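Read through the structure below, which is laid out as structure tokens, and then see the notes.
Read the figures in this text as sums done on the coordinates, not as results from a lab. Because the structure is a prediction, the values reported are computed rather than measured.
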Amino acid sequence: MKKLFYSIILMSISLLPNLAIGGPDRATLLSMSCAACHGTDGKSPGAMPGLYGKSSEYIEDQMIHFRNDERKGTVMNRIAKGYTEADIKLIASYFGNLANK
Ligand code: HEC
């Protein structure tokens, strides 16, 4: 009986992290850090180039170019270096798909 009790406790503990997940997916979360400059919907309010309407391929290519210093920018080289290629793909598909919604 005791064993059953403990295994139920253990099971509920191991299920807890799953409850915490939910909310925005990883692509949305990552893209939020770009929103400060490029706007939440990729339509930047000021002098920054907008991302809205640009294709995922274009955004991904530019991020890789910034990361490898093949394209020189003021801030984007440093920013792009903070992301893995997998993250860049996720972010690029997020912004690339905005115009299709
Ligand atoms: C601190 C402000 C800032 C943040 C944060 C920022 N950017 Fe930028 N972004 C810029 C500026 C400024 C440029 C113009 C190039 C440069 O000077 O670095 C740019 C250019 C770009 C370009 C090239 C656009 C074009 O038309 O060729 C892409 C793509 C881009 N950013 C993607 C992103 C992504 C994705 C993120 C989030 C991971 C991000 N940026 C976060 C300021 C920012």
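Close amide H pairs (under 5 Å, H built 1.01 Å from N) link ARG71 with PHE66, residues at least 5 positions away or on another chain. Distances between placed amide hydrogens fall under 5 Å for GLY50 paired with SER44, all partners being 5 or more residues away or on another chain. For segment 24-100, the calculated P(r) over all alpha carbon pairs, in 5 Å bins from 0 to the bin holding the longest distance, is 3, 18, 27, 31, 17, 3, 0 percent. Along segment 29-46 the Karplus relation, 6.51 cos²θ - 1.76 cosθ + 1.60 evaluated at θ = phi - 60°, assigns HN-Hα couplings of 4, 4, 6, 4, 6, 8, 5, 4, 9, 9, x, 5, 9, x, 9, 6, x, x Hz to successive residues, with x for each Gly and Pro.
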